[in-house]
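Report on one structure; see the data block that follows.
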Amino acid sequence: MSHSTENAPRHHALPLLLATYPVLALAGAITHRQVFALLALAVLLTLPMLPRLRTRRLLPWLSWLAMLAALLGVWLDGLADLVLEAVPVLISAVLAWGFGHTLTTDEPLVARFIVAIEGVARLRQPGVARYARQVTAFWTILLGTQAVLLAVLWLCADRSGLLVRVGWAAPWPIPERWAAIWLHVGCYAVLGAAFVLEYGYRRWRLRHLDHLALPIMLKQMALCWPRLRQGKEAATP
């Protein structure tokens with residue numbers, strides 16, 4: 001058997017998990033069955049650990065099993081769905097911080113993206129550095145606003161929100177179905193739409209420059225992700 005054939009399951013594991021998570025999360029939100037929430041949380045925990053699990057070392061596998069055991073305890077307490085609904089809140093808040101804290105530096109996060117994908121020379125072209133800072137601010141505001149909205153939905157859902165579960169009256173009762181749809185589908189749809197619209201606006205705003213096609217840019221972002229996180233190569237014009 002060829003080496004590429006042996007590695008095929010590894011190459012497909014991450015996309016499969018990414019595709020499985022929203023299906024399980026939405027199934028849990030619609031059916032209110034804790035088992036779907038449990039499985040979705042298990043997939044979510046597995047995603048960041050997948051590279052270490054592939055090394056087949058003992059410690060990562062023991063850590064992963066310990067986290068699954070903790071999830072099982074959450075499920076037995078009937079709180080798996082509540083924890084799952086907190087995930088979009090946490091993701092939006094962390095991303096908002098990830099963009100926002102770089103605005104106080106000479107290297108806003110979008111500038112790091114540009115350098116990692118297209119090189120330092122791209123950042124020095126007319127209008128690019130300024131636009132990178134503006135887009136970093138845009139994502140900070142959008143993600144921060146969404147984190148607040150999602151937190152309100154998580155707290156105030158009229159049947160399974162956190163306030164109802166602890167016996168408090170929600171100040172703004174929100175229908176359960178609408179809260180669940182936005183928590184598990186709507187918030188991600190907004191981010192996807194904002195990304196595509198920003199790409200179109202960028203091509204118009206910086207129309208004096210050549211631009212990578214959207215599929216190529218997405219591929220390069222995935223390949224360069226470690227460099228995007230480090231952000232040590234960006235330069236101020």
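No value in this document is a laboratory result; all are computed from the given coordinates. Bear in mind the structure is a predicted one, so any value in this text is a computation, not a measurement. Note that each Cβ is placed from the backbone with ideal geometry, even for glycine, and that neighbours are counted across all protein chains shown.
Using Cβ point charges alone (K and R +1, D and E -1), the dipole size of the range 43-135 about the Cα centre works out to roughly 560 debye. Put +1 on the Cβ of every Lys and Arg and -1 on every Asp and Glu Cβ in the range 90-227; which of 154, 121, 182 then has its Cα farthest towards the positive end of the dipole? It is 121, whose Cα lies furthest towards the positive end. Principal-axis analysis of the Cα atoms of the chain puts helix 187-205 at an angle of about 10° to the longest axis. May I ask you to derive the relative contact order of the chain, considering only C-alpha pairs under 8 Å and at least 6 residues apart, and to give it as an integer percent? The normalised contact order for the chain reaches 21 percent. What FRET efficiency, computed as 1/(1 + (r/R0)^6) with R0 = 30 Å and r the Cβ-Cβ distance, is obtained for residue 203 and residue 106, rounded to the nearest 0.05? After rounding to 0.05, the efficiency reads 0.70. The separation of the range 43-110 from the range 138-156, counted between C-alpha centres, amounts to 18 Å.
Let a ≥ b ≥ c be the square roots of the eigenvalues of the Cα gyration tensor of the range 43-136; is it rounded (a/c under 1.5), or, if not, prolate (a/b larger than b/c) or oblate? Because a/c hits 1.5 or more and a/b fails to exceed b/c, the range 43-136 counts as oblate. Put a plus charge on the Cβ of each Lys and Arg, a minus charge on the Cβ of each Asp and Glu, and nothing anywhere else: the dipole of the chain about its Cα centre is then about 700 debye. Compared with the dominant principal axis of the Cα atoms in the chain, helix 109-118 is inclined by about 60°. Identify which of 111, 194, 80 has the largest mean-square fluctuation in a Gaussian network model of the chain, with springs joining Cα atoms closer than 10 Å. Residue with maximal mean-square fluctuation among 111, 194, 80: 194.
Between 0 and 90 degrees, the angle of helix 80-100 with respect to the longest Cα principal axis of the chain falls at about 20 degrees. Of 156, 224, 187, which has the largest mean-square fluctuation in a 10 Å C-alpha GNM of the chain? Among 156, 224, 187, the largest GNM mean-square fluctuation belongs to 224.
At q = 0.11, 0.12 Å⁻¹, what is the log10 ratio I(q)/I(0) for the chain, with the Debye formula run over Cα points and no solvent? With no solvent term, the Cα-only Debye profile gives -0.73, -0.85. Computed from the Cα positions only, the extents of the range 101-203 along the three principal axes stand at 57, 27, 18 Å, in decreasing order. Build a GNM of the chain with springs between Cα atoms under 10 Å: which of 208, 184, 101 gets the top mean-square fluctuation? Residue with maximal mean-square fluctuation among 208, 184, 101: 208.
Kindly state, to the nearest 0.05, the FRET efficiency for residue 169 paired with residue 76, given R0 = 25 Å and r defined as their beta-carbon distance.
Here the calculated transfer efficiency is 0.35.
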